[in-house]
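The values are calculated or read from the model by the stated rules, or taken from the named source; none is laboratory data. Here the structure is a predicted model, which is why all the values come from computation and not from measurement. Methodologically, a virtual Cβ is constructed for each residue, glycine included, from the backbone with ideal geometry; neighbour enumeration extends over all protein chains shown.
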């Protein structure tokens, strides 16, 4: 797979389609699996890690009823290419920063990735646009069942699937939804919502999951436990909660428009103007301005730009993407200038497409 071919494109999970896509950017399900006859990755030497990678790579690339996959040897990639895959949500930070034999299989539409030798021997991930947890589960279950038919995973009758981290023992499932919640942040209602989530054992993380900070009012909500409940129960638990957050965000947005439409419109227009004209802009400011513009589109305060364009810019303005777009390593100042140039050009193109 040629990573450069991904630069001008974006994954299907960024299309801005699917249920409640105005607030739910994407849905994701991950499964953690380990091979029964091998030690966990942290206890495996280089030779064993290589054996694990070879075995899993052969099985994954030979799956008969799965999407076509491209395989990348993560250990052989340059640091900027590994960061590019992190920004693309195709591998985790841990996978990028780890050592030894490891790889990732990626589907054409970038909605499925299988990480080999991350924290566990295998991490299967499915991403879809909007609130689409059932669709994610159907596809990931199909892939898991096919692999289970030819591999023996570490499993205990009492505990379930055995994983490197105790919090994943049981189903090995992590169910998450990425939400865009600018109105709750703007009105400082966000902490109230997060406190309620924590009381029911749901975790709140940033754009890139565990260990990442929230940027641009984007948050990942996911289950914290996997033991003692079935996969469907954990999925249903999130499906019960997320609509309440969506409803809360929409209610606050409506109140903001009703009570102070002029001020809100001005704030969103200023954000849009800065993105179109800035000569230098940081990643953090870009995320925040794009967050305002995204809300403005959904509130029909901006009519010459679409949600897919904003979703794409959220990813393409990240540091590794920029450096690949501009064909070389850039210092922070150079990245900020390059980001501004890219935004000016891309927004002008997108407005033309919309019109």
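Computed values, structure above
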quantity: Enumeration of residues in region 1-43 that are part of a helix (DSSP H, G or I) and within 20 Å of residue 306 (Cα to Cα); calculated: 12, 13, 14
quantity: Filtered residues of region 56-78 (kept if in a helix (DSSP H, G or I) and either in contact with a helix residue (DSSP H, G or I) (Cβ under 8 Å, 6 or more places away or on another chain) or surrounded by fewer than 16 Cβ atoms within 10 Å (Cβ to Cβ) (or both)); calculated: 58, 59, 60, 61, 74, 76
quantity: One residue from 212, 269 being surrounded by fewer than 16 Cβ atoms within 10 Å (Cβ to Cβ), touching a helix residue (DSSP H, G or I) at 6+ places or on another chain (Cβ under 9 Å), under 24 Å from residue 307 (Cβ atoms) and at pLDDT below 90; calculated: 212
quantity: So residue 290, is it touching a helix residue (DSSP H, G or I) at 6+ places or on another chain (Cβ under 8 Å), buried (at least 18 other Cβ atoms within 10 Å of the Cβ), over 30 Å from residue 332 (Cβ atoms) and in contact (Cβ under 8 Å) with a residue 40 or more places away in the chain; calculated: no
quantity: Test: residue in region 106-118 that is within 25 Å of residue 329 (Cβ to Cβ) and within 13 Å of the chain's Cα centre (by Cα); calculated: yes
quantity: All positions within region 306-353 that are part of a loop (DSSP other than H, G, I, E, B) and either crowded, with 21+ Cβ neighbours inside 10 Å or free of Cβ contacts under 8 Å to residues at least 24 places away in the same chain (or both); calculated: 317, 318, 326, 327, 328, 330, 331
quantity: Residue within region 79-93 that is more than 30 Å from residue 246 (Cβ to Cβ), in contact (Cβ under 8 Å) with a residue 40 or more places away in the chain, in contact with a strand residue (DSSP E or B) (Cβ under 8 Å, 6 or more places away or on another chain) and surrounded by fewer than 19 Cβ atoms within 10 Å (Cβ to Cβ) present; calculated: no
